[in-house]
1. Ignoring any ligand, DNA or RNA, what whole percent of the accessible area of the chain comes from carbon and sulfur when the probe is 1.4 angstrom?
2. Can you give the percent of C-alpha pairs in the chain whose distance is more than 26 Å?
3. Could you give the accessible area per residue of the chain, probe 1.4 Å, as a whole number in Å²?
4. Where does helix 347-360 land angle-wise versus the long Cα axis of the chain, in degrees 0 to 90, nearest 10?
5. With charges only on Cβ, +1 for K and R and -1 for D and E, what is the dipole size of segment 307-383 about its Cα centre, in debye, rounded to 20?
6. Largest first, how would D295, D345 line up by accessible area (1.4 Å probe)?
7. Could you compute how much accessible surface I291 exposes when probed at 1.4 Å, giving the result in Å² to the nearest 10?
8. For the pair V152 and C383, what calculated FRET efficiency results from E = 1/(1 + (r/R0)^6), where r is the Cβ-Cβ distance and R0 = 30 Å, to the nearest 0.05?
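The values are calculated or read from the model by the stated rules, or taken from the named source; none is laboratory data. Everything numeric in this text was worked out from a predicted model, so none of it was measured. Note: ideal-geometry Cβ built from the backbone for every residue, glycine included; neighbour counts use all protein chains shown. Just the protein is used for accessible areas: all its heavy atoms, side chains included, with ligands, DNA and RNA removed. Shrake-Rupley method; radii C 1.70, N 1.55, O 1.52, S 1.80 Å.
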Amino acid sequence: MQNGNHASLVKTLAKSIKDRENGNHSAETKEKPESHPINGGDDSKSYAQNSSYQKGVIEAAKREIVQAIKEKLDIEKVWPRRFVIADFGCSTGPNTFLAMQNIVEAVELKNKSLQQSPTIDFHVFFNDLVDNDFNTLFKSLPSHPRYFVAAVPGSFYERLFPKASLDLANSSYALHWLSKVPKEVGDQNSVAWNKSKTYCSGSKKEVTEAYFAQFRKDLNRFLDARAEELVGGGLLVIQLPGVPRGALPFNTGAGFIQELLGPCLFEMADLGFISHEKVHSFNSPMYFPSIEELDLAIKGNGHFTAERIKILNHPMQHLPFDAKMTCLQTRSIFEGFIKDHFEIDIVDQLFDLFAKKLEESCSIFYQEIRKDVDLFVLLKRVC
């Protein structure tokens, strides 16, 4: 598939996706999402110590959030009750605290701009999978936060809160994680078999269709759940990695990392650490959408108006490539998933090999990462 065909592919996916969805929606929503939490704790291999890029996304989104709340939040509806926020996919911190601080400050700023504005109490719910390291999350909670806190474990692809109980929902760098890998891509008898690949590179139409179909189903489930939980006119703020117009996933830095991880796994199989069969059945449960794909999925849901979808200006985009940091970041995210799939601990050997390949590919990665995009999405619940 050539790069220029990506936009046309998005337009042709709708019929294929509807065929997949018809008659299967209720069954899909009852399936239990896969759970592969990122590395907990706060040591050198933890997500908490290796999520600076994700922090940069939150910093880049701050200006957009302030503007969104200023222009789109119907704050008069909050008075005199508390303002309730939920962060879906909070992980272990500290990034979630920065995101919540930005939102609380923006709401307070909007509130102060109005005459005779009463004080608002804020209540923040932190959500992630039940296997998430909530102990580390709450141990690192800032002292004297400006909000009351609670945890709500569970998949954000399901209902987690009472109806009309949230004023604002946030999700940062979480919705590119699928509830499961599309079964077709691991089936050797399927036209969508992702042979010799370990993620959706975008180079095979049938694989892309299967991944996008799963992404759209999952996003629809997420939006359906949030539509029940948000008040009428409530805001939903999303940040997630994507692909720019005319590019394919393997053209981006995030995609390049996935592209490099696959050969490392096959080399581990050649050395006898794992079976080739296990590697062929390994696929990353991630999908990086384009703006066009996001827009298609959101319009298809119907519960929200898309107030803003744009590309963020990430502060780390122009920094020199750091192979060691990239390796640690990748390990902190994928270690649990790799252990679960291969059922043996190969992560030390695997990421030693991955680090070497990153160093060898430094010049290529440095060029490709320029094509990464981080998407900001502002949705408003239809009243």
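1. Details: 8570 of 16920 Å².
C and S atoms contribute 51 percent here.
2. Numbers: 37969 of 73153 pairs.
Roughly 52 percent, once rounded to a whole number.
3. Heavy-atom SASA per residue in the chain reads 44 Å².
4. On a 0 to 90 degree scale, this one is about 90.
5. Numbers: 11 positive and 13 negative charges, 126 e Å.
Magnitude of the dipole: close to 600 debye.
6. On the way: D295 45, D345 95 Å².
Listed by decreasing accessible area, they come as D345, D295.
7. 50
8. Values: r = 25 Å, r/R0 = 0.83.
That gives a FRET efficiency of 0.75.
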